[in-house]
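Beneath this line is the structure, given in structure tokens, with notes to follow.
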Amino acid sequence: MTDVSESVPVALTTRKDWSSDQEVRWCPGCGDYSILSAVQTLMPDLGVSRESTVFLSGIGCAARFPYYMNTYGMHSIHGRAPAIATGLAATRPDLDVWVVTGDGDALSIGGNHLIHALRRNVNITILLFNNQIYGLTKGQYSPTSEVAKVTKSTPFGSLEQPFNPLSLALGAEAGFVARTHDMDRKHMMETFRRAHAHKGASFVEIYQNCNVFNDGAFEKITGKDNRADMLIPLVHGEAIRFGSEGQFGVAMNRDGSVEVVEVATVGEDALLVHDEHLENPGLSFQLSRLSRGPYEPTPIGVFRDVDHEEYGQQMTEQIDAATERRGPGDFAALLRSGSSWTVS
Amino acid sequence: MSDTTIDPKSPHLIDRVVIRFAGDSGDGMQLAGDRFTTSSALFGNDLATFPDFPAEIRAPAGTLAGVSAFQVHISDHSISTPGDSPNVLVAMNPAALRANVAALPQGATIIVNSDAFDERNLAKAGYDVTPLGDGSLSAFTVYEVPMTSITTESSKELGVKPRDAERSKNFFALGLISWLYTRPVEPTVEWIAEKYAGKELIKEANQRAFKAGYHFGETAELFESSYEVKPAVLEPGEYANVTGNTAAAWGLIAASIRSGLPLFLGTYPITPASDILHELSKHKQFGVRTFQAEDEISGIGAALGAAFGGALGVTTTSGPGLDLKSEMMGLAISLELPLLIIDVQRGGPSTGLPTKTEQADLLHAMYGRHGEAPVPIVAAKTPSHCFDATIEAVRIAVKYRTPVILLSDGYLANGTEPWKLPDLEDLPSIDPDIATGPNHVEDDGTESFWPYLRDETTLARPWAPPGLAGLEHRIGGLEKSDGSGNVAYDGANHELMTRLRAAKIAGIANDIPPTEVDDEDGAEVLVIGWGSTYGAIAAGVQRVRARGLKVAQAHLVHLNPFPADLGDVLKRYQRVLVPEVNLGQLSRMLRAEYLVDAVSLTQVSGIPLRAASMETAILQMIEDSADMSSATGEGSDR
């Protein structure tokens, strides 16, 4: 099948065209608003049509997202959106399929579907809104909450080691893995644009503030005054360097791990040059482990962007090859493919 | 086999025979049974088969747990079951004998591989002394044949290692039975050549073993005569011998062609349903997409995603998987999208009896979801009927935009029967009726698309897969506003939508055939069943009628909704008997729906119902019915 979005000229749209008539019902001040706004603003620039775009979600605050997009959409059940998206993307390679999910939806109840969708390289773009808390059920700890987190369900503190969503995605060898945050619309839009452009499974973690149940979880790194020294922008082909004066960088240790260094101490040549296209996910995995939580300098941007053939395309190729080899399906011949006999 | 001459004594004519091949799971009994079946089918017999194998792939050799059996019933007239009990048992070792001897009627023939009856194997099977010498088999005719040694001897000059040579002994047994029942020889010799093409030594060893078995029967003067079952009179046409799973897979392809919808199967391997996946995955030239998911949930989820995209979404499973799919079925009910769930039932609860048959998922199919969540249920009644039942289930799913559960079971899945091949053009055509444009005018005069604006007759909503401009819409598991489909939490709308969803499914009763009742002469007793019990019930009914007694039979294909006339049908009979391979699930539904005093007859032993027990139960009920009539003074002059 050909890519319809490329072969048919797409009508010019504005952000308004991509907004549905439904009232947005997130809590005032929720980080989801800025993500929705970034997506709706980006869509007219992508050169795609509304009728060929589908937003799928599971359950959670983030999962209301499809209702607000004037596209095709489905608000499904908890954790299952990647599974549903797999069937849709595998049968409809002409569509742009987005999956909107949260930390509970994607990493707890839906963990299994997430890793397998990534492993299979299904042609979907996954936006994971990570707020490190369960919002819709009113404030229990999530699989990305920090150890000792005190919540409604952990009055004595959480005992669980959190998932690192990027490490998980890279462990599943996702072809496209990136991180952005809800305080920087431009960065979000650029990251989403890249994720959309990637053929196959794309995974974007978005640090998203839940101002009701986990307010300020990322403030230490995403706050306007903190960003320069706490966010490490990853730029392909460039030395990894950050800080208000560019005084910090990232270097590799002898054991292959990476660490934050002072440029003045190690020298510019010692800095790691970022390469999104490394086939081996090892280095990007190390970068995903650089920060232990949103209180240390944390890389954002595209960690990995490697092209492999996407799943639905491969399915189509098998069908084409079988049809080529045997001719189009002949039902009468199928019925007689075992031993058949005639009674006269 | 040019040196083979036909027995000078012409074969003894019999009208039918039931043969059971039994041995270790590694002995190749399924293969031998299957091949005997094929040659009988090609010969023109009517037949039915019943493979019965353990859940373990290779249980310890020689033990009762490892016994694998294949039963085949061949006849010169129309039959409907694989036979209650074997007339002939081929037992490859003591365990196979011990596991099956209880099923044999007096006078049955037992052919044992005497080489396998050594001390070690006897002990493994739990025999202190050999049953061949202690008189315990005196009710049967026992033939002791040293199958292993003759088989090994037959391929000695080929230079095959004795251990490998021995593995051909299933072909020896097949050869012997082929002689005993006068099956043509050449087709099997050719079939072996084809099957083992490229493996010269194995091919030659198997052919020699097969011929050795045939010659042994002919020359050993052990058997008084051979037997012949003449071809049955079948309707003219082309036939194939199909399992229920193959028939279901082909039914899906047929439904895909007849609807024009591309087929997508999302599934997870599970016994006894996996063969549907295996079969479909071979036929990609029909545009079939098969997806082996990470779990049962993803299997149905992907199928639902494909349905959202305009494909024919199907998932296949068995009981444990049906449990896991419940949540996604609820979503499909809410989304009102076509979806087919094929449940090939097996013994439960939990892992239960993976390779044994049971029909105990009916109430789960009916009620196994939270909330008011009705789904249509269709059940196949014979292996070949899995084909028609699949197409019917797809027809309902597509026309009414609803998930449909198709119930098959382990017995239908693996059992076979001759099937008159249909013409594609004669199959029902299925109109997907995809939405083509806006269906609503807003207050301001603009045209829009309302995903939940229903068809007045069917109450089905429009199906608008992504791709059409102007029809963009969002659906989900939250309750939706009637018509617009927008999220709605108000009680009155929920009440309306709940009743609409129920009415939509209930209304299918007007779109299915009336109850088919086989009642030629006004009986007082009705036997009503569903699913794979059809053959046993029909055979039981025939036996009762052969005694000059009256009994009616009905068999339900649609379990939800029931045919519109079912209540009236039930009320026409004084007594209603409901045989089932569960603890009385259909009888419960009939009693609840129609306030009829249905009598439940149940069995859950992992095997199909027997014609003989059907006969006994029906006779008992006729007797009771006569007693009741005389007690109440009612005549039986209807």
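Throughout, read-outs are computed from the coordinates displayed, never taken from laboratory work. Please read all numbers here as calculations on a predicted model, not as lab measurements. Note: ideal-geometry Cβ built from the backbone for every residue, glycine included; neighbour counts use all protein chains shown.
So the values come out like this:
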read-out	value
Summed side-chain charge close to B:GLY62 - residues other than B:GLY62 whose Cβ falls under 12 Å, Lys, Arg +1, Asp, Glu -1	0
Under Karplus coefficients 6.51, -1.76 and 1.60, residue-wise ³J(HN,Hα) of the stretch B:198-215 in Hz, glycine/proline x	x, 10, 3, 5, 5, 4, 4, 4, 5, 4, 5, 4, 4, 5, 4, x, 4, 5
Listed peptides A:100-111, B:205-216 by packing density, highest first (mean Cβ within 10 Å)	A:100-111, B:205-216
Least to most buried among A:SER20, B:SER178 (fewest other Cβ within 10 Å first)	A:SER20, B:SER178
For residues of B:308-317, the mean tally of beta carbons on other chains within 10 Å	4
Prolate/oblate/rounded label for the stretch B:12-229 (Cα gyration tensor, a/c 1.5)	rounded
Residue order, fewest to most surrounding Cβ atoms within 10 angstrom, among B:GLU296, B:GLU417, B:GLU153	B:GLU153, B:GLU296, B:GLU417
Footprinting exposure proxy for B:THR390, B:THR458 (fewest neighbouring C-beta atoms within 10 Å first)	B:THR458, B:THR390
Potential lengthening between B:ASP134 and B:ASP295 on full extension [0.36 nm per residue; Cα-Cα distance subtracted]	52.7 nm
R0 of 41 Å, Cβ-Cβ distance A:ASP275-B:ALA61: FRET efficiency to nearest 0.05	0.10
Span from the the stretch B:409-425 Cα centroid across to the the stretch B:434-490 one, whole angstrom	40 Å
Residue-by-residue Karplus 3J(HN,Hα) for the stretch A:131-144, coefficients 6.51, -1.76, 1.60, Hz, glycine and proline x	10, 6, 7, 8, x, 5, 9, 6, x, 8, 5, 10, x, 10
Average beta-carbon neighbours from other chains, 10 Å sphere, peptide A:90-98	5
Cα gyration tensor, the stretch B:240-426 - rounded (a/c under 1.5), prolate or oblate	rounded
Two-site FRET efficiency, A:ARG289 against B:THR446, from Cβ-Cβ distance with R₀ of 35 Å, rounded to 0.05	0.10
Set of the stretch B:66-92 residues, backbone N closer than 19 Å to the point 7 Å along the Cα-Cβ line of B:ALA123	B:66
Diffusion coefficient, µm² s⁻¹, Stokes-Einstein with Kirkwood Rh over alpha-carbon pairs of the protein assembly as shown at 20 °C and 1.002 mPa s	67 µm²/s
DSSP-assigned coil residues among GluC sites (Glu not before Pro) in the stretch A:120-213, each with at most 16 further Cβ atoms within 10 Å	A:GLU160
Average partner coverage of A:49-61, which counts Cβ from other chains inside 10 Å	3
